[in-house]
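Just so it is clear, none of the values below were taken in a lab; they were calculated from the coordinates. Note that the coordinates shown come from a computational prediction; the quantities given were computed from them, not determined experimentally. We place every Cβ from the backbone using ideal geometry, glycine too, and count neighbours over all the protein chains shown.
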Amino acid sequence: MTESTAAAAPEKPAAVWEDFVDVFTQPSAVYARRRDGRFGMALLILSALTAAIFFATRPLLAPMFDRLMDAQVEAMRAQNPNMTEEQRAGAQATMERFGSVLAPVGAVVGQPILVLVVGALLFGASRLGGAPVSFGQAATIATYAQVPRLLGTLVAAGVLAVKDANDLPPLQGALAGPVLLLPRDASPLLVGVLSRFDLFTLWTTVLLGIGVAVMARTTRAKGWGVAAMVWGAATLWAVLSGLRAAAAMG
């Protein structure tokens, strides 16, 4: 009697840290055991890891942030050809001051905001794709789908450790894809589109699809169809941003 009772006892739930390991090798299992949609602790850990990795790699990533600011100043100059060198220097100094504050703040609060936005998009797309999940489930899926991006930040830092940021087009992340092949003066539209084919962006998209399939108890095809909608929406935003930047540069 005692033996049969012990055999029927439920397994101890996996710890959240185990999810962060298993999502690389068995994401379906992670999503299956987190079907309840409780994502708060996982998001807190993800946000803490994101901030820690950002501050650890900041010296290597700084040249790329500088390239982004320089590109924005040049766009302002293109819109205002009469801008003097003194005005340009003043604008750059202002942006550097704001950047020194906003970058750390973004590292802390940016990840939760990103997860909630992706979760909202996934929530809506799942209904359009015939594989509905709750918002909590969508946010859970989005949280674990972002875990590979931690590795992506390390890869980006590694690339910038051996490659001069001035030889690359201005961009944030996406250093594990075709953007690396572009010249420094590549069209912002082309940069925006190709950045969507970054290895870690595609990896995240695949995990979104797996998560929807598991939590909605539907086929992988439907899950990936929903994920493709989210990828498409983000790509459209990248295209519009690229067009706007190209227009600003004249």
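Quick rundown of the values:
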quantity: Cα-centred dipole magnitude for the range 15-248, charges only on beta-carbon of K, R (+1) and D, E (-1), debye, nearest 20; calculated: 860
quantity: Neighbour-count ranking [beta-carbon atoms within 10 angstrom, fewest first] of 30, 226, 21, 191; calculated: 21, 191, 30, 226
quantity: Cα-based Kirkwood hydrodynamic radius, the range 10-66, one decimal, Å; calculated: 13.3
quantity: Low-density loop positions, trypsin sites (Lys or Arg not before Pro), the range 10-62 - DSSP coil, at most 14 other Cβ in 10 Å; calculated: 38
quantity: Loop-located trypsin sites (Lys or Arg not before Pro) in the range 175-250 whose Cβ has at most 11 other Cβ within 10 Å (DSSP); calculated: 217
quantity: Diffusion coefficient, µm² s⁻¹, Stokes-Einstein with Kirkwood Rh over alpha-carbon pairs of the range 111-250 at 4 °C and 1.567 mPa s; calculated: 82
quantity: Mean shadow area of the range 15-248 over all directions, Cα convex hull, nm²; calculated: 12.8
